[in-house]
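The values are calculated or read from the model by the stated rules, or taken from the named source; none is laboratory data. Worth saying up front: this structure is predicted, and the values here are computed from it rather than measured. Note that we place each Cβ from the backbone using ideal geometry, even for glycine, and neighbour counts take in every protein chain shown. Heads up: the accessible areas ignore ligands, DNA and RNA and are worked out on the full protein's heavy atoms, side chains in. Shrake-Rupley method; radii C 1.70, N 1.55, O 1.52, S 1.80 Å.
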Amino acid sequence: MLYLLDTANVEFIKKAYDLYQVDGVTTNPTIISKEKRPFKDVILDIRNIIGKDSMIHVQAVSTDAEKIVREGVYLKELVDGEVYVKVPVIPQGIKAIKILSSRGIAVTATAIFTPQQALMAAKAGADFVAPYVNRLDNISADGVKVVEQITGLFKTYNLKTKVLAASFKNVEQVHKVSLVGGHGVTVNDELFEKLIEHPLTDFSVDGFINDWEGQFGKGITTLEA
Ligand code: E4P
């Protein structure tokens, strides 16, 4: 499963890339605007940190196909390397996805709330589709079920489009997406670290260190014992 960071916070991105096996970064206009810095600087800083081989997903903000395509061509050139242009699945967006994919520009179809939107985006040539799990859960529409149905449809019709589930508020939602075969998740900085936290792990590690130090002394490792 792919793990991506749904943030533009460069300090967190640095930290996460150092510690974990991270597959990329996703942004959206809201995430970018939180940084309160010029768009270009934010995106190019992220590219510098993650390297050219790691995915970055950047959203176009136009709502007209021709302009979305122009943004897509610009973003591909600006960001360079593994870049996916995020395009919302409005009708003009689907048209833009068709054009961008026919020009060899990778696309992530975003703002997906139904399996039919995902299927239409995949048919138009999207490389990824991003269903919004928590926003669906908030309206009692079962986000994980939607992810499951989309992955099922892609299998049934042998589509190469991958499901990058997005919009998470808790670890259980992420876990359930992995159980139903979502190809990847994009998780915000606050939640990402919670994926690995467990008080019993910390308790166990503390116990091991305590017992070891009781026998061999503080600061002594297996290299010296
Ligand atoms: C992904 O494409 C979206 O930008 C993002 O995950 C939405 O998350 P939110 O519902 O927490 O804003």
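Rolling a 1.4 Å sphere over the protein heavy atoms, what is the accessible area per residue of the chain, to the nearest Å²? Please report the intermediate quantities before stating the final value.
Values: 12140 Å² over 225 residues.
With all protein chains present, the chain gives 54 Å² per residue.
Let's see if you can work this out: charge +1 on each Lys and Arg Cβ, -1 on each Asp and Glu Cβ, no other charges. What is the dipole magnitude of the chain about its Cα centre, in debye to the nearest 20?
Numbers: 25 positive and 28 negative charges, 270 e Å.
Approximately 1300 debye in magnitude.
How large is the Rg to Rh ratio of the range 156-204 when both quantities use alpha carbon positions and Rh follows Kirkwood?
1.11
Report Rg/Rh for the range 97-225, rounded to two decimals, where Rg is the Cα radius of gyration and Rh the Kirkwood radius.
Working: Rg = 21.3 Å, Rh = 17.0 Å.
Rg divided by Rh gives 1.25.
Taking every pair of distinct Cα atoms and averaging 1/r, then inverting, what Kirkwood hydrodynamic radius in Å comes out for the chain?
On the way: mean 1/r = 0.0534 Å⁻¹.
Hydrodynamic radius (Kirkwood, Cα pairs) of the chain is 18.7 Å.
Seen from all sides and averaged, what is the projected area of the convex hull of the Cα atoms in the range 3-78, in nm²? Mind dumping the intermediate values first?
On the way: hull surface 20.1 nm².
Directional mean of the projected Cα hull area for the range 3-78 stands at 5.0 nm².
Among all the aspartates and glutamates, which ones have a C-alpha under 19 Å from LYS67's C-alpha, if same-chain residues fewer than 8 places away are not counted?
GLU77
From Cα coordinates alone, what are the radius of gyration and Dmax values for the range 82-135 in angstrom?
Spelled out, the Cα radius of gyration and Dmax of the range 82-135 are 10.1, 33 Å.
Note the angle between two axes, namely the Cα long axis of helix 143-156 and the longest principal axis of the Cα atoms of the chain, as a number of degrees from 0 to 90, rounded to the nearest 10.
Taking the Cα atoms of the chain, the angle to 143-156 is about 60 degrees.
State the percentage of accessible surface on the chain attributable to carbon and sulfur atoms; use a 1.4 Å probe and exclude ligands, DNA and RNA. Please list the in-between numbers first.
Working: 6460 of 12140 Å².
For the chain, the apolar C and S fraction of the accessible surface comes to 53 percent.
Dipole of the range 57-137 (Lys/Arg Cβ +1, Asp/Glu Cβ -1, origin at the Cα centre): which of PRO91, HIS57, VAL129 lies farthest to the positive side?
Of PRO91, HIS57, VAL129, it is PRO91.
Go through GLY182, THR114, GLN215 and say which Cα lies farthest out towards the positive end of the charge dipole of the range 68-225; charges sit on Cβ, +1 for Lys and Arg, -1 for Asp and Glu.
THR114
Can you give the extra length, in nm with one decimal, that the chain gains between ASP18 and SER33 once fully stretched, where that is 0.36 nm per residue apart less the Cα-Cα distance?
2.9 nm
Could you state the angle between the C-alpha long axis of helix 115-124 and the longest principal axis of the C-alpha atoms of the chain, as a value from 0 to 90 degrees rounded to the nearest 10?
70
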